[in-house]
Amino acid sequence: QVHLVESGGGLVQVGGSLRLSCAATGRTFSNFAMGWFRQAPGREREFVACISWEGSNPVYTDSVKGRFTISRDNAKNTMYLQMNSLKPEDTAVYYCNRFRSVNCYTGVSPDYWGQGTQVTVSS
């Protein structure tokens, strides 16, 4: 079993920054790609970013490229999402997840999810 716990969400003004963390239990954290999704009110959950098992080749959705940075520390079983230049449309519940692969392949589904952390960007 893998247990994922997000933290770091909160209320921030437009243009501000937040750093989300995802702490994982289980010895297999470093063997899998990890990622972030988000879900805004009334909308479907959408992919945000993915990072491979060893931290290379990050993948981002177009709307966050150049503003968000995904990273991981396998020694600490923790993944991060640095979010800069935040916009009101970034407001959502952010979920971390584990993918069923070592790299960020299109079409690979997550198999574990965290409970989510709320990010609210006020204008």
Test: Thr25 is touching a strand residue (DSSP E or B) at 6+ places or on another chain (Cβ under 6 Å), touching a residue at least 24 places away in the same chain (Cβ under 8 Å) and among the polar types (S, T, N, Q): yes
Selection count where residues are of a type in the set (Val, Ile, Thr), within 17 Å of Arg45 (Cα to Cα) and within 13 Å of the chain's Cα centre (by Cα), scope region 71-114: 1
In region 18-30, residue surrounded by the most Cβ atoms within 10 Å (Cβ to Cβ) [restricted to those that are modelled with pLDDT under 95 and touching a helix residue (DSSP H, G or I) at 6+ places or on another chain (Cβ under 9 Å)]: Phe29
Failed condition for Ala75, given (1) among the hydrophobic types (A, V, I, L, M, F, W, C); (2) outside any strand (DSSP E or B); (3) closer than 19 Å to Tyr112 by Cβ: (3)
Residue tally, condition among the charged types (D, E, K, R) and open to solvent by less than 60 Å² (accessible area, probe 1.4 Å), over region 58-84: 3
Residue within region 86-102 that is under 16 Å from Ala49 (Cβ atoms), open to solvent by 60 Å² or more (accessible area, probe 1.4 Å) and among the aromatic types (Phe, Trp, Tyr) present: no
Those residues of region 110-123 which are out of contact with any Ser or Thr (no Cβ under 9 Å at 6 or more places or on another chain) and closer than 20 Å to Val2 by Cα, in sequence order: Pro110, Asp111, Tyr112, Trp113, Gly114, Gln115, Gly116
Subset of region 110-119 (residues that are surrounded by fewer than 16 Cβ atoms within 10 Å (Cβ to Cβ) and assigned to a strand (DSSP E or B)): Asp111, Trp113, Gln118
Residues satisfying the stated conditions in region 1-12, i.e. at pLDDT 95 or above and either among the β-branched types (Val, Ile, Thr) or open to solvent by less than 40 Å² (accessible area, probe 1.4 Å) (or both): Leu4, Val5, Glu6, Gly8, Gly9, Gly10, Val12
Sole residue being surrounded by 14 or more Cβ atoms within 10 Å (Cβ to Cβ) and part of a loop (DSSP other than H, G, I, E, B), chosen from Gly15, Gly107, Gly42, Gly55: Gly55
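The values are calculated or read from the model by the stated rules, or taken from the named source; none is laboratory data. Because the structure is a prediction, the values reported are computed rather than measured. Neighbour counts run over all protein chains shown; Cβ positions are idealised from the backbone, glycine included. Heads up: the accessible areas ignore ligands, DNA and RNA and are worked out on the full protein's heavy atoms, side chains in. Shrake-Rupley method; radii C 1.70, N 1.55, O 1.52, S 1.80 Å.
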